[in-house]
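The values are calculated or read from the model by the stated rules, or taken from the named source; none is laboratory data. Keep in mind it's a predicted model, so treat the numbers as computed, not measured. Every residue, glycine among them, receives a Cβ derived from its backbone with ideal geometry; neighbour counts consider all protein chains shown.
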Amino acid sequence: MHTIIELLNEKNFCLEKFIGVNATELSNFTSGNFDNLEEFYATREGLLEIIKKIDFLIDEKNQDPVDTAKISVEFKRDILDAQRTKNDLVGQILQQDLEILSALESAKSEIIRELSSVRSNKKAIGSYKSGLISTRLDEEA
């Protein structure tokens with residue numbers, strides 16, 4: 001029984017780590033630093049894999065038959081506390097993910113604007129180049 005509480009607490013610990021990783025990279029993203037993007041996603045994926053394994057272990061433990069009359073009030077309280085904590089952490093992660101997506105979308109839009117500007121400038125420069133060549137050719141003739 002206490003193993004389930006330990007597993008739930010371990011899962012919450014992983015979720016807290018997830019929040020920490022998100023917070024660090026979110027501050028990088030908002031300042032325009034995307035150097036660790038691949039490492040960020042790899043770290044998140046690793047934490048999600050650990051959480052999946054913990055969920056699997058919890059499911060395994062839940063398959064054992066339990067006499068609910070023998071479950072203590074303290075154990076029920078610990079389970080509910082762990083669940084409430086998990087729900088709060090997941091809510092924070094969802095909020096962070098929205099902020100991360102917004103920062104990435106803003107950066108993507110800025111890159112698209114820059115590319116469009118470069119393309120327009122390239123066309124304008126191309127027009128000037130073609131005009132200079134024909135003038136030079138006329139002078140030689």
* State whether one or more residues within segment 89-111 are at pLDDT 90 or above and under 19 Å from GLU6 (Cβ atoms). => yes
* Any chance ALA82 is hydrophobic (A, V, I, L, M, F, W, C) and farther than 14 Å from LEU15 by Cβ -> no
* Give the residues of segment 31-80 that are outside any helix (DSSP H, G or I) and touching a residue at least 60 places away in the same chain (Cβ under 8 Å), sorted by residue number. => GLY32, PHE34, VAL66, ILE71
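Yes or no, residue by residue, for (1) surrounded by 10 or more Cβ atoms within 10 Å (Cβ to Cβ); (2) at pLDDT below 90:
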site	(1), (2)
PHE34	yes, no
GLU38	no, no
TYR41	yes, no
ILE54	yes, no
VAL73	no, yes
LEU80	yes, no
